[in-house]
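Peer 1: Dropping the structure in here first, questions after.
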Amino acid sequence: MKIYATYNIKGGVGKTTAAVNLAYLSAAAGRRTLLWDLDPQGAASFIFRIKPRVKGGGKALIRGTRTLDDAIKGTDFDDLDLVPADFTYRNMDLLLGGAEKKAVRQLAQLLEPLGADYDHVFLDCPPSISLVSENVIHAADVLLVPLIPTTLSVRTLDQLTEFVGGFDGRRPDVRAFFSMVDRRKKLHVQITQDLRAERAGLIASAIPSLSLIERMSTERAPVTAFAPRSVAARAYQDLWSEISRIPVLDIRDILMAGGGGHGYGENAHRNRRRGPGYRCRGTRHQDQEGHGQCRAAGNWCADRAPACAGPAR
């Protein structure tokens, strides 16, 4: 399981649109994908037509009275699930702060049991430097930083790089990419050229500033889904092609391959409650063994039947 986080200290730089489109492209490629909308504004949840609410709120997840698995909702797209936002996430710093020494690793611990069920996890993060962002950085394998080519945005990248560099132990691979680029602006062109010449590891693909991307909120779907041949969609496809080739050595994969460790490995994967298939979004459907019926929406099924095709709300 690889964990990608779209994160920036600044808001309004294209984090959510990147997370939504990259998660969709991952799923479209056949990877079992989960997107966790950590922003209390719930933009990613809105785009995927899922109510931004988690039963018990962020408190239930952090305190362990509700598992992250229980909060997962199916989307309208195969192999793509969502943990919706909740307005109580605005207090998540306070909830995480109560965990004392484990405060910066709570999100990683919540995600760990899902290692056998998903290939890729995307975290759509709120802007800020906070305890939530520290948790995200500890959990992520790759930190994707959308960067508008302006002087202030470059300054925030410097701050973020310094912040991550001060971490002890495992650190994510920080990869910035240009977002909302307007090539009619001389400043955008100049900063794009200068930063690529000065910094190694900058992702070559860039996301242009296009009105079609803004239409995601009215279409309520990824631009890569409703306009797959557009310039905007091709930009995200190029971005995902580059990101998916970033090598990530993950101890979770070593445990899965070797069959040893803390509940991972071949037997643990086979014995998980939910096997390969789809999350049932209806209330009546055979289970993965071919007998019985789903007792509640959200169970897993071997194949999607018409009874399961309704919206996951």
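The values are calculated or read from the model by the stated rules, or taken from the named source; none is laboratory data. Just so you know, these numbers come straight off a predicted model, no measurement behind them. We place every Cβ from the backbone using ideal geometry, glycine too, and count neighbours over all the protein chains shown.
Peer 1: Could you count how many residues in the range 136-179 are within 20 Å of Leu123 (Cα to Cα) and assigned to a helix (DSSP H, G or I)?
Peer 2: Here the count works out to 10.
Peer 1: Do you know which of the residues in the range 116-141 that are in contact (Cβ under 8 Å) with a residue 40 or more places away in the chain and over 17 Å from Asp37 (Cβ atoms) is surrounded by the fewest Cβ atoms within 10 Å (Cβ to Cβ)? Give the steps one after another, and end with the answer.
Peer 2: First pass over the range 116-141, keeping only residues in contact (Cβ under 8 Å) with a residue 40 or more places away in the chain: 116-129, 132-133, 136-137, 139-141.
Filter again for over 17 Å from Asp37 (Cβ atoms), leaving 116-117, 119, 129, 137, 141.
Values: Ala116: 20, Asp117: 20, Asp119: 16, Ile129: 13, Ile137: 24, Asp141: 19.
Ranking the qualifying residues of the range 116-141, first place goes to Ile129.
Peer 1: So, one more: Read through the list (1) part of a helix (DSSP H, G or I); (2) closer than 25 Å to Trp240 by Cβ, then give the number of the only condition that Ile62 fails.
Peer 2: Checking Ile62 against (1) part of a helix (DSSP H, G or I); (2) closer than 25 Å to Trp240 by Cβ, the one that fails is (2).
Peer 1: Any residue in the range 43-71 that is closer than 19 Å to Gly97 by Cα sitting within a Cβ distance under 6 Å of a residue that is among the basic types (Lys, Arg)? List the pairs, counting only those 6 or more apart or interchain.
Peer 2: Every condition considered, the pairs that remain are Gly56/Arg66; Ala60/Arg66.
Peer 1: Output the number of residues of the range 215-236 satisfying the condition of being in a helix (DSSP H, G or I) and either surrounded by fewer than 17 Cβ atoms within 10 Å (Cβ to Cβ) or of a type outside the set (A, V, I, L, M) (or both). Working first, answer last.
Peer 2: Start the filter on the range 215-236 by keeping residues that are in a helix (DSSP H, G or I), which leaves 216-219, 223-226, 231-236.
Within this subset, residues satisfying the condition of being either surrounded by fewer than 17 Cβ atoms within 10 Å (Cβ to Cβ) or of a type outside the set (A, V, I, L, M) (or both) are 217-219, 224, 226, 231, 234, 236.
Final tally of qualifying residues: 8.
Peer 1: Kindly list the number of the only condition in (1) farther than 21 Å from Leu239 by Cα; (2) at pLDDT 90 or above that fails for Leu123.
Peer 2: Every listed condition holds for Leu123 apart from (1).
Peer 1: Which members of the range 176-190 meet the condition of being within 17 Å of Ala5 (Cα to Cα) and touching an Asp or Glu at 6+ places or on another chain (Cβ under 9 Å)?
Peer 2: Residues of the range 176-190 that are within 17 Å of Ala5 (Cα to Cα), as a first pass: 176-179.
Result: Phe177, single match.
Peer 1: Given the options Leu144, Leu212, Leu160, Leu110, name the one that is under 19 Å from Lys15 (Cβ atoms), in contact (Cβ under 8 Å) with a residue 12 or more places away in the chain and either surrounded by fewer than 21 Cβ atoms within 10 Å (Cβ to Cβ) or charged (D, E, K, R) (or both). If you could, list the steps in order and put the result at the bottom.
Peer 2: Values: Leu144 fails: either surrounded by fewer than 21 Cβ atoms within 10 Å (Cβ to Cβ) or charged (D, E, K, R) (or both); Leu160 fails: either surrounded by fewer than 21 Cβ atoms within 10 Å (Cβ to Cβ) or charged (D, E, K, R) (or both); Leu110 fails: under 19 Å from Lys15 (Cβ atoms).
Step by step, each of Leu144, Leu212, Leu160, Leu110 is checked, and only Leu212 is under 19 Å from Lys15 (Cβ atoms), in contact (Cβ under 8 Å) with a residue 12 or more places away in the chain and either surrounded by fewer than 21 Cβ atoms within 10 Å (Cβ to Cβ) or charged (D, E, K, R) (or both).
Peer 1: When you scan the range 21-41, how many residues do you find that are crowded, with 22+ Cβ neighbours inside 10 Å and over 14 Å from Thr224 (Cβ atoms)?
Peer 2: Here is the first cut: in the range 21-41, the residues crowded, with 22+ Cβ neighbours inside 10 Å are 21-27, 33-39.
In the following step, the residues that additionally are over 14 Å from Thr224 (Cβ atoms) were identified as 34, 36-39.
So the count comes out to 5.
Peer 1: Of everything in the range 27-44, what is out of contact with any Phe, Trp or Tyr (no Cβ under 7 Å at 6 or more places or on another chain) and part of a helix (DSSP H, G or I)? Give them in sequence order.
Peer 2: Correct list: Ala28, Ala43, Ala44.
Peer 1: Additional query: Looking for something at pLDDT 90 or above, closer than 19 Å to Ile72 by Cα, outside any helix (DSSP H, G or I) and under 18 Å from the mean Cα position of the chain (by Cα) - is there at least one such residue anywhere in the range 107-114?
Peer 2: Within the range 107-114, none of the residues are at pLDDT 90 or above, closer than 19 Å to Ile72 by Cα, outside any helix (DSSP H, G or I) and under 18 Å from the mean Cα position of the chain (by Cα).
Peer 1: Sticking with this structure for a sec: Of the conditions (1) closer than 18 Å to Asp69 by Cα; (2) crowded, with 24+ Cβ neighbours inside 10 Å; (3) of a type in the set (A, V, I, L, M), Ala18 clears all except one; give me its number.
Peer 2: Failing condition for Ala18: (1).
Residues are listed down the side, and each one gets a yes or a no for (1) in contact with a Pro (Cβ under 9 Å, 6 or more places away or on another chain); (2) over 18 Å from Ala18 (Cβ atoms):
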position	(1), (2)
Phe177	yes, no
His188	yes, no
Arg199	no, yes
Ala206	yes, no
Trp240	no, no
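Peer 1: For the range 67-106, enumerate the residues that are assigned to a helix (DSSP H, G or I), buried (at least 17 other Cβ atoms within 10 Å of the Cβ) and among the polar types (S, T, N, Q).
Peer 2: If the condition is that a residue be assigned to a helix (DSSP H, G or I), buried (at least 17 other Cβ atoms within 10 Å of the Cβ) and among the polar types (S, T, N, Q), then Thr88, Gln106 are the ones that fit.
Peer 1: I've got another one for you. If you scan the range 180-207, which residues turn out to be surrounded by 11 or more Cβ atoms within 10 Å (Cβ to Cβ) and in a loop (DSSP other than H, G, I, E, B)? Give the steps one after another, and end with the answer.
Peer 2: Filtering the range 180-207 for residues surrounded by 11 or more Cβ atoms within 10 Å (Cβ to Cβ) gives 180-183, 185, 187-196, 199, 202-203, 205-207.
Across the range 180-207, the qualifying residues are Met180, Asp182, Arg183, Lys185, Arg199, Leu202, Ile203, Ser205, Ala206, Ile207.
Peer 1: Let me ask another. Output yes when any residue across the range 128-142 is in contact with an Asp or Glu (Cβ under 7 Å, 6 or more places away or on another chain) and at pLDDT 95 or above, and no when none is.
Peer 2: Taking every residue of the range 128-142 in turn, at least one turns out to be in contact with an Asp or Glu (Cβ under 7 Å, 6 or more places away or on another chain) and at pLDDT 95 or above.
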